Amino acid sequence: MAQSEDLSRRDLARIAGAAGAAIAGAKLATGPAILKVRAATEQVKYGMIGTGSRGAYLLKHLTSVDNGHCTALCDLNQTALDEAAVTIGTNPKKYLDYRELLADKDVDAVLIAVPLYRHFPITKDALQAGKQVFCEKSLVFKPEEVHALRTLASEHSKQTLQVGLQRRYSHYYQAVKDMIDKGMLGNVTHIHAQWHRNPGWTMKEGGKSNPKNWRLFREYSGGLTAELGSHQIDVAEWFFGSRPDFVMGLGGLDTWKDGRDINDNIQLIYQFPGGRKLTYSAITTNAHLPLFGSARPEFGEVIMGTAGAVEITVGDGQKTMPTALWYKEATPTTVTAGHEKAEPTKAGATFALAGPTKGIPIYLPENEVNWEKDSFLDRESKLGRRWLYSKGVIVPEETRNPVETELESFFNDAKTGARPKADVEIGLADSTTVILSNLAMDENRRVYFSEIDKMGLGSSSPASPSGAAAVTKRA
Ligand SMILES: NC(=O)c1ccc[n+]([C@@H]2O[C@H](COP(=O)([O-])OP(=O)(O)OC[C@H]3O[C@@H](n4cnc5c(N)ncnc54)[C@H](O)[C@@H]3O)[C@@H](O)[C@H]2O)c1
């Protein structure tokens with residue numbers, strides 16, 4: 001029996017006709033969280049620093065997470081602070097100065113959702129104040145902060161430090177990583193990722209002096225690479241199981257002549273060990289996504305192996321949730337020591353060598369009918385949906401937003417001391433790749449991952465309160 005058939009028999013819980021595959025989810029949690037009322041002693045008391053757009057989004061989802069209890073909020077902006085308190089609804093204390101929140105004994109953990117250039121100083125102070133820390137991506141901004149946070153984290157190794165890379169907490173992404181590890185896609189040689197928006201970020205009144213425009217200026221922001229690419233670069237590092245060897249790229253500021261100084265379109269190529277590659281594109285002039293039959297806009301990744309491909313996206317967490325489609329190769333190739341084992345095709349031919357294949361929906365345990373536990377209505381609705389999946393009308397989706405899963409997991413890890421799936425090393429590798437990608441575009445050269453070892457050394461103050469201490473030409 002061919003290896004791929006053998007694997008599918010062993011690894012797939014069930015094949016539903018020709019149209020669906022269920023991934024046995026030994027490692028995956030099943031079903032949406034049912035909000036139980038937890039005893040106060042079981043809940044982690046947390047404060048949030050930065051209640052702007054992301055902070056507000058997190059708080060909205062935190063109302064569905066029962067193992068944390070919000071005791072304090074902080075933002076420089078009183079309106080954002082007041083609105084956030086209403087959203088979470090736990091009557092939290094409100095602070096304008098984050099150092100006062102960090103001094104609050106009723107706060108055991110902090111969630112940091114401030115602009116990128118403020119991540120490191122606040123994370124540093126939070127660790128030194130003895131708090132468990134969840135910091136949004138991209139974890140750090142400058143090369144010197146990569147080194148400083150690594151040292152700091154090892155000095156505070158008993159405290160949880162998690163980065164907001166929520167794809168790591170998605171059951172779909174975990175299932176696809178499992179498929180890769182089990183060889184179901186063959187030798188995974190390429191990943192393509194895109195995040196295309198139209199119009200992308202627009203400049204608000206006041207230009208650089210308006211704090212709301214921080215993303216558009218290099219002094220505060222890593223641009224598209226940090227804000228969007230960081231998520232998908234991390235997916236490639238996770239799925240390939242390594243850091244890239246080097247990155248090269250072309251960025252341009254070609255459309256948005258509004259005073260911003262970040263690129264408004266970027267194209268990057270990363271080489272990973274063994275010649276494997278991630279190609280990455282982020283543009284701000286068109287939002288078309290040529291995956292999922294174009295049913296989803298903007299962002300997603302294609303994972304390409306010698307035996308198959310997977311299209312995957314996390315969804316926007318509001319109208320759409322994570323999903324994935326699997327495409328088997330018509331003639332899976334196994335390459336062993338340079339010898340190909342596959343049906344030979346005529347060399348030099350210019351016709352298409354492969355026929356069309358149909359995407360196979362991937363079912364998680366939570367998409368499966370549970371004949372013992374599901375209520376009659378749940379069962380009927382799942383069966384109805386399965387019929388629509390099999391007809392290709394809709395694709396199965398994860399039932400819970402991975403942002404909620406990552407937050408729940410953070411509180412669990414803060415309680416138990418377990419290592420987060422998106423831990424400090426993952427966050428630092430991701431930030432390093434972001435920093436080096438921007439350097440590659442700015443200096444128009446191949447930048448090696450190992451260059452980080454020599455960058456940002458000898459900085460007088462990576463933890464400068466202004467957060468703007470830059471020792472490199474550009475990060
Ligand atoms: N994981 C994700 O998918 C995701 C999505 C969006 C944003 N983010 C990240 O979240 C972070 C925040 O982004 P945003 O869109 O919310 O920005 P934002 O500008 O909307 O909000 C930032 C907030 O931080 C506040 N702030 C700034 N400095 C502060 C300080 N010293 N003390 C207290 N508050 C301070 C600002 O007043 C503002 O309200 C960024 O790092 C961003 O990359 C992550």
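The values are calculated or read from the model by the stated rules, or taken from the named source; none is laboratory data. Predicted model only: the values in this text are computed from it and were never measured. All Cβ positions, even for glycine, are placed from backbone atoms using ideal geometry, and neighbour counts span all protein chains on display. When the accessible area is computed, the model is the full protein with side chains, heavy atoms only, and any ligands, DNA or RNA have been set aside. Shrake-Rupley method; radii C 1.70, N 1.55, O 1.52, S 1.80 Å.
Please name which of V188, T202, A175 has its Cα lying farthest along the dipole of the stretch 158-237 towards the positive end, using unit charges on Cβ (Lys, Arg +1; Asp, Glu -1) and the Cα centre as origin.
It is T202.
Report, by chain and number, residues whose modeled amide H sits under 5 Å from the one on E329, excluding near sequence neighbours (fewer than 5 apart, same chain).
Hits under the 5 Å cutoff: G308, A309.
Using a/c under 1.5 as the rounded threshold, could you call the chain rounded, prolate or oblate? The axes a ≥ b ≥ c are square roots of the C-alpha gyration tensor eigenvalues, and prolate needs a/b larger than b/c, oblate otherwise. Let's see the in-between values first.
Values: a/c = 1.82, a/b = 1.27, b/c = 1.44.
Because a/c hits 1.5 or more and a/b fails to exceed b/c, the chain counts as oblate.
What percent do you get for the relative contact order of the chain when only Cα pairs under 8 Å and 6+ apart count? The partial results should precede the final answer.
Values: 944 pairs, mean separation 100.1, N = 475.
Computed over the chain, the figure is 21 percent.
Please list the non-local residues whose amide H lies under 5 Å from the amide H of N265, H modeled 1.01 Å from N, same-chain partners needing a gap of 5 or more.
Those qualifying (amide H under 5 Å, at least 5 residues apart or on another chain) are G252, D254.
Name the residues whose placed amide hydrogens come within less than 5 Å of the amide hydrogen of D245, ignoring near sequence neighbours (fewer than 5 apart) on the same chain.
Q271, F272
Count the DSSP beta bridges whose two residues both fall in the chain, then state the antiparallel fraction as a percent rounded to the nearest 5.
60 percent
Among all lysine pairs in the stretch 67-187 that are eight or more places apart or on different chains, how many have alpha carbons less than 18 angstrom apart?
So the count works out to 10.
Determine the share of the chain's accessible area contributed by carbon and sulfur atoms, expressed in whole percent, with a 1.4 angstrom probe. Mind showing how you got there, number by number?
Numbers: 11410 of 21430 Å².
Carbon and sulfur: 53 percent of the exposed surface of the chain.
Please find the FRET efficiency linking K182 to E205, where r is the Cβ-Cβ separation and R0 is fixed at 41 Å, and quote it to the nearest 0.05.
Details: r = 53 Å, r/R0 = 1.29.
The pair K182/E205 has a calculated efficiency of 0.20.
What length, rounded to one decimal in nm, is gained on full extension from L388 through to M248, with 0.36 nm per residue of separation minus their alpha-carbon distance?
Working: separation 140, 0.36 × 140 = 50.40 nm, distance 4.27 nm.
Difference between extended and current length: 46.1 nm.
V369 to K158: extension gain in nm, 0.36 nm per residue of separation minus the Cα-Cα distance? Before the final figure, lay out the partial values.
Details: separation 211, 0.36 × 211 = 75.96 nm, distance 4.09 nm.
The V369-K158 span can extend by a further 71.9 nm.
Calculate, in nm to one decimal, what F376 and R150 gain on full extension: separation in residues at 0.36 nm each, minus their alpha carbon distance. Don't skip to the answer; put the middle values down first.
Numbers: separation 226, 0.36 × 226 = 81.36 nm, distance 5.18 nm.
Full extension of this stretch gives 76.2 nm more.
When a/c is below 1.5 the answer is rounded, else prolate if a/b is larger than b/c, else oblate, so apply that to the stretch 367-458 with a ≥ b ≥ c taken from the square roots of the Cα gyration tensor eigenvalues. Before the final figure, lay out each step's value.
On the way: a/c = 5.55, a/b = 2.04, b/c = 2.72.
Oblate, since a/c reaches 1.5 and b/c is not below a/b.
What list of ³J(HN,Hα) couplings, whole Hz, do you get for the stretch 402-414 from phi and the Karplus terms 6.51, -1.76, 1.60, once you set θ to phi - 60° and write x for glycine and proline?
x, 5, 5, 5, 5, 6, 4, 5, 4, 5, 4, 5, 4
Using θ = phi - 60° and the Karplus curve 6.51 cos²θ - 1.76 cosθ + 1.60, what whole-Hz ³J(HN,Hα) does each residue of the stretch 265-277 get, with Gly and Pro shown as x?
Ordered by residue, 3J(HN,Hα) equals 8, 9, 10, 10, 10, 10, 9, 9, x, x, x, 5, 9 Hz.
Lysines near K382 by alpha-carbon distance under 21 Å, same-chain residues fewer than 8 away left out - which ones?
Straight-line reach from K382, under 21 Å: K319, K373, K391.
Using the heavy atoms of the protein chains alone and a 1.4 angstrom probe, what is the accessible area of the chain per residue in square angstrom?
Numbers: 21430 Å² over 475 residues.
It amounts to 45 Å² per residue over the chain.
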